[in-house]
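Here is the structure we will look at, set down as structure tokens.
Here, each number is a calculation from the coordinates, and none is a lab measurement. Keep in mind the model is a prediction, meaning the values are calculated, not measured. Every residue, glycine as well, gets a Cβ built from its backbone with ideal geometry; the counts of neighbours run over all protein chains shown.
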Amino acid sequence: MKAKYIIPIVALLAIGSAAFAVDVDGTIAPEEYAFEASYDRGNFRLLWKISGDTLFMAIDSSASGWVSVGFEPTRVMANSDMIFGMIPAEGPAQAVDAWSTGMFGPHPPDTNQGGKDSLLSFAGKRSGGRVVFEFSRLLDTGDKFDKVVPKTGEFKIIWAYGSNLSFTAKHSKAGSATLLMDGRK
């Protein structure tokens with residue numbers, strides 16, 4: 001008798017948890033992300049959700065080239081943990097996990113500096129003059145070239161996008177902000 005009640009409950013829990021999951025597929029579904037911030041009059045939107053020990057992030061931008069977000073810079077871009085997404089009109093999305101070595105770069109890949117590529121997944125698509133780039137990574141990767149992402153409180157970021165698909169090309173627009181990771185003010 002107990003089994004006939006347990007099976008429907010387990011099924012409902014599985015369906016319910018799938019409804020709250022982030023699907024890193026290059027599209028942003030309604031209510032897929034918990035939080036959002038918009039910059040440059042909507043030309044760069046950053047969305048995020050934390051699930052367990054994993055950060056899911058999406059960038060939705062009018063960029064014709066690469067898009068990027070950097071975590072916890074010390075001065076301008078220096079010592080920033082950066083994620084770049086390059087999404088061509090045709091072909092697969094590319095991503096780079098990088099570390100900025102100076103105030104204005106350069107920002108070589110972590111793997112070129114003795115670190116590791118800490119991205120768990122990424123995807124991107126171009127459509128209607130916009131690009132969507134999604135990625136996931138652990139909050140604490142253990143890599144010396146990655147910043148620990150907090151579940152709550154303030155988290156300083158830098159954002160940028162360019163007109164070229166080479167992640168070493170200069171940005172078209174850039175800025176900095178402080179996210180409230182749990183959405184509380």
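A few remarks follow.
- Length available on full extension from SER64 to ALA34: 0.36 nm per residue minus the Cα-Cα distance, which gives 8.2 nm.
- The chain: relative contact order in percent, alpha carbon pairs under 8 Å with at least 6 residues between: 22
- Estimated at 0.36 nm per residue, the fully extended path between THR111 and ALA21 surpasses their Cα-Cα distance by 29.5 nm.
- Here the stretch 74-162 is treated with +1 on each Lys and Arg Cβ and -1 on each Asp and Glu Cβ, and its dipole about the Cα centre works out to around 220 debye.
- In degrees, nearest ten, helix 2-19 long axis to first principal axis of the chain (Cα): 20
- Given charges at beta-carbon only (K, R positive; D, E negative), |dipole| of the chain in Debye: 320
- Rule-of-thumb Rg ratio for the stretch 23-180 [Cα; 2.2 N^0.38 Å; N residues]: 0.94
- Couplings 3J(HN,Hα) for the stretch 103-112, derived from phi with the Karplus relation 6.51 cos²θ - 1.76 cosθ + 1.60 (θ = phi - 60°), are 4, 10, x, x, 9, x, x, 3, 5, 7 Hz, where x marks Gly and Pro.
- Here the mean projected area of the convex hull built on the C-alpha positions of the stretch 132-185 is 5.1 nm².
- Residue order for SER136, SER64, fewest other beta carbons within 10 angstrom first, comes to SER64, SER136.
- Whole-Hz couplings from phi, Karplus 6.51/-1.76/1.60, listed for the stretch 52-63; x for Gly and Pro: x, 9, 10, 9, 10, 9, 9, 10, 10, 9, 8, 4
- P(r) for the stretch 110-150, from all Cα pairs and a bin width of 5 Å, is 6, 20, 21, 18, 16, 10, 8, 2 %, short bins first.
- Among the listed pairs LYS49/LYS173; LYS116/LYS147; LYS116/LYS144; LYS49/LYS151, those whose Cα-Cα separation exceeds 20 Å are LYS49/LYS173.
- Fully extending the segment from GLU154 to GLN94 would add 18.7 nm, taking 0.36 nm per residue of separation and subtracting the current Cα-Cα distance.
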